[in-house]
1. Give the relative contact order (percent, whole number) for segment 1-92; include only Cα pairs under 8 Å separated by 6+ residues.
2. Rounded to the nearest 500 deg cm²/dmol, what is the calculated helix-only ellipticity per residue at 222 nm for the chain, with -39500 (n - 2.57) per DSSP H run of length n ≥ 4?
3. Hey, what's the chain come to in accessible area per residue, 1.4 Å probe, Å²?
4. What percentage of the solvent-accessible surface of the chain, computed with a 1.4 Å probe over protein heavy atoms, is contributed by carbon and sulfur atoms?
5. If I stretch the segment between residue 49 and residue 19 completely, what's the gain in nm (0.36 nm per residue apart, minus their alpha carbon distance), one decimal?
6. Working out 0.36 nm times the residue gap between residue 98 and residue 68, then minus their Cα-Cα distance, what length gain in nm do you get to one decimal?
7. Can you tell which of 15, 52, 78 lies farthest toward the positive end of the dipole of the chain, using +1 and -1 charges on the Cβ of basic and acidic side chains (Lys, Arg; Asp, Glu)?
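The values are calculated or read from the model by the stated rules, or taken from the named source; none is laboratory data. Just so it is clear, the model here is predicted, and its values are computed rather than measured. With ideal geometry, Cβ positions are generated from the backbone for all residues, glycine too; neighbour counts draw on all protein chains shown. Just so you know, the surface numbers come from the protein's heavy atoms only, side chains and all, with ligands and any DNA or RNA stripped out. Shrake-Rupley method; radii C 1.70, N 1.55, O 1.52, S 1.80 Å.
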Amino acid sequence: MFEVSTLFLNIHLTFEDCSLNDYIMYYINGMALVSSFFFARVIYGTILSINVWRELANSAVPISAFAANTIRLANLVLMGLSYYWFSIVIMTAKRNALDADLIRALEDMDNKDIKAE
């Protein structure tokens with residue numbers, strides 16, 4: 001579940017490699033990338049993290065303090081990286097949204113709609 005955003009990231013990188021940054025699909029894919037990353041890693045990941053911490057605190061099965069603390073540390077690192085990466089994704093999305101290419105792509109789309117009518 002955590003890797004659902006990787007599909008959109010790979011498509012996004014393919015668009016960039018092929019210099020297709022002007023197409024509206026590039027921006028739609030970018031929005032899908034941001035949303036899937038947010039829901040899978042930030043929201044769902046936080047819920048899973050809370051559940052892990054609860055299970056470690058209320059576990060009926062005895063677990064050593066070393067193992068519990070290792071799991072907690074790994075969980076903190078994973079979630080910290082997810083929040084950091086999400087901030088990078090948001091900064092990149094803002095930069096792309098403010099780019100003149102977005103405005104041009106939207107104008108081209110509007111012009112095609114007007115010609116179709």
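1. Relative contact order comes out at 33 percent.
2. Dividing the helical sum by the residues of the chain leaves -26500 deg cm²/dmol.
3. The answer is 70 Å² per residue.
4. Within the chain, the accessible surface is 69 percent carbon and sulfur.
5. Once the chain is fully extended between residue 49 and residue 19, it gains 7.0 nm.
6. Between residue 98 and residue 68, full extension yields an extra 6.3 nm.
7. Final value for the positive-end residue is 52.
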